[in-house]
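Before I ask anything, let me first share the structure, which is written out below as structure tokens.
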Amino acid sequence: MYNTRMNEQSPNPTETISSADLKKILSDHKKWLDSDGKEGTPADLKNCKMKGAILIGANLKDANLEGAYLYGAYFKNANLENTNLEGANLRGANLRWANLKNTNMQNSNLVRADLMQAEMNDTQLEGANLKMAEGLTTDQLKGAVTNSETILPDSLK
């Protein structure tokens, strides 16, 4: 499974999270959200390895997942609003019906990610790699922020 050392900050994902630790982090984050920051702790999963993590319907609003390794993670119906996913590896991740409003996904790897029906208003996709992303539409991209560095699927170029 996973091992955790939450305070170490490194440029490459080196830290892995056990399912028990992840459950605790999500529980503390929920308390934090529900109490307007008076209780619990915001989720800080910066640079964590969570390959294939199952986070269906998880509420990670306002969480920090900068640089996280989320290859093949399952975020179906998850709330990632205002979340920092800058530089995260979301290759092959399932983001169907996820709330990505105002999410920082700058320089993220979204190759082969499934973005069907994902809410992408004000999603920051500058420098993101969306090559072969599935379910992505021009309507979704209209509300997102892209730049010349954003790599779009061939079907949307």
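What's the number of the condition G92 fails, among (1) at positive phi; (2) out of contact with any Lys or Arg (no Cβ under 6 Å at 6 or more places or on another chain)?
(2)
Also, quick follow-up: Which residue out of L115, L65, L95, L33 is closer than 20 Å to E149 by Cβ and not acidic (D, E)?
L115
Given the structure, is Q124 polar (S, T, N, Q), modelled with pLDDT of 95 or more, touching a Gly at 6+ places or on another chain (Cβ under 7 Å) and buried (at least 19 other Cβ atoms within 10 Å of the Cβ)? Even if it seems obvious, please write down each step before you answer.
Working: polar (S, T, N, Q): yes; modelled with pLDDT of 95 or more: yes; touching a Gly at 6+ places or on another chain (Cβ under 7 Å): no; buried (at least 19 other Cβ atoms within 10 Å of the Cβ): yes.
So Q124 fails the test.
Residue check: is I25 at pLDDT 95 or above, of a type in the set (V, I, T) and not in a loop (DSSP other than H, G, I, E, B)?
It is true that I25 is at pLDDT 95 or above, of a type in the set (V, I, T) and not in a loop (DSSP other than H, G, I, E, B).
Cβ-Cβ under 9 Å, sequence separation 6+ or interchain: first residue in region 73-88 and over 19 Å from K51 (Cβ atoms), partner β-branched (V, I, T) and surrounded by fewer than 21 Cβ atoms within 10 Å (Cβ to Cβ). Which pairs?
N77/I56
Can you tell me which residue in region 16-73 is nearest to the chain's Cα centre (by Cα), limited to those that are polar (S, T, N, Q) and farther than 13 Å from L85 by Cβ? Let's see the steps before the verdict.
First, pick out the residues of region 16-73 that are polar (S, T, N, Q): 16, 18-19, 27, 35, 41, 47, 59, 64.
Filter once more, keeping what is farther than 13 Å from L85 by Cβ: 16, 18-19, 27, 35, 41, 59.
Values: T16: 16, S18: 18, S19: 17, S27: 18, S35: 23, T41: 18, N59: 11 Å.
Here the residue is N59.
The values are calculated or read from the model by the stated rules, or taken from the named source; none is laboratory data. A quick note: this is a predicted structure, and the numbers were derived from the prediction, not measured. In this analysis, Cβ positions are derived from the backbone assuming ideal geometry, glycine residues included, and neighbour counts consider all displayed protein chains.
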